[in-house]
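*Asks:* One structure follows; several queries about it will come next.
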Amino acid sequence: MAGATTEQQFTVTDQAGRLDKVLAGIQTIWTRSQLDKLIKTDQVTVNGQLVPSKTKVKTGDVIVVAAQTVQTTELVPENIPLDIVYEDDDVIVVNKPQGMVVHPAPGHPDQTLVNALLYHSPLSTINGEFRPGIVHRIDKDTSGLLMVAKNDHAHRSLAAQLKAKTNLREYTALVHGVIKETTGTINAPLGRSPKDRKKQAIVSDGRPAVTHFKVLKRYQHYTLIACRLETGRTHQIRVHLQSIGHPLVGDPLYGPKKTIKGHGQFLHARLLGFKHPVTGERLTFEAPLPPIFKATLAKLDKTDLNH
């Protein structure tokens, strides 16, 4: 399981060529394949910039690897109640409650969705020891639907659908401010923020990220929208909405301090659709808004009059 982040700094002396090849030659900590993975997960910078593995480096360039150290920890199945929307021999669709972490991570070694799933069922092994069955994830403070693979065949199929953008993922979000457009698309590449490694940001050399949105309801100070993901980058909806001046209500990282209190961020994965990995049948699932989300909207109906 990931532990603390440690930084290693290397200066290119007389080498030149691809980043992954040069870095593999000037250090003995990681193999080239490990370095390639670190680069792809935004844990390597050259002169302070995130760049791809094929980037050419030259004498004098400073390479920093900010890699998470590994702690040996046993992943224990835990008898935690699950809201299972659908299940068969290959797939589980679960409605994750707001506040639950998807898989073990620094500061969250247990009580995660993975701990609960392992108690319930065998899971695929493709994603490593600490993320079994997890094809995609949602943030701790996001509620809603996740598809989980019970075997490796199902995992490969579901992951391929994500890559090909053929599945359906739609979220309901409450944001600050009144969005004037009825619909819109935010197309802005995302990567780790150069200013704060805990955050993601729109960066020119980031990974492509596309979010489509549609206004569902306007209030005096807020807007309820549906967001459909074309890509699934870390914190994508949160960063994209902040970038157009309409951050999520309750977002502790990207939202304003003055917000609706008591719930965390108002973001719910409402719709999930995919092709069954064995039968090929198109499946679509819907999870209702959590009670606190519904109650907040009801309160806004009375106190923050509709536009």
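Values in this text are rule-based calculations from the coordinates and carry no lab data. These figures come from a predicted structure and were not determined experimentally. Cβ sites come from the backbone with ideal geometry, for glycine too, and all protein chains shown count toward neighbours.
*Asks:* Show which aspartates and glutamates lie in cross-link reach of K214 when reach means a straight Cα distance below 17 angstrom and same-chain residues fewer than eight apart are skipped.
*Replies:* Leaving aside aspartates and glutamates fewer than 8 places away in the same chain, those within reach of K214 are E170, E181, E230.
*Asks:* Any aspartates and glutamates with Cα under 18 Å of the K180 Cα? List them, leaving off those in the same chain fewer than 8 positions away.
*Replies:* D304
*Asks:* Measure up K54/K150; K165/K299; K37/K199 against 28 Å on the Cα-Cα distance and list the ones that go over. Please list the in-between numbers first.
*Replies:* Numbers: K54/K150 35 Å; K165/K299 36 Å; K37/K199 19 Å.
Checking Cα-Cα distances, K54/K150; K165/K299 exceed 28 Å.
*Asks:* Follow-up question, since we're still on this one. Read through the labelled values [x] 16.7; [y] 15.5; [z] 18.5 and report the label of the one computed as mean projected area of the Cα convex hull in nm² from the structure.
*Replies:* Identified label for the calculated read-out: [x].
*Asks:* Once you sort the root eigenvalues of the Cα gyration tensor of region 76-129 as a ≥ b ≥ c, which label holds: rounded (a/c under 1.5), prolate (a/b larger than b/c) or oblate (the other case)?
*Replies:* Because a/c hits 1.5 or more and a/b fails to exceed b/c, region 76-129 counts as oblate.
*Asks:* If you don't mind, another one. Based only on other Cβ atoms within 10 Å, what is the fewest-to-most ordering of V62, V44?
*Replies:* Ordered from fewest to most neighbouring Cβ atoms within 10 Å, V62, V44 come out as V62, V44.
*Asks:* While we're here: How do D36, D14 line up, fewest other C-beta atoms within 10 Å first? Intermediate results must be reported in sequence, preceding the final value.
*Replies:* Details: D36 18, D14 7.
Ranking D36, D14 by Cβ neighbours within 10 Å, fewest first, gives D14, D36.
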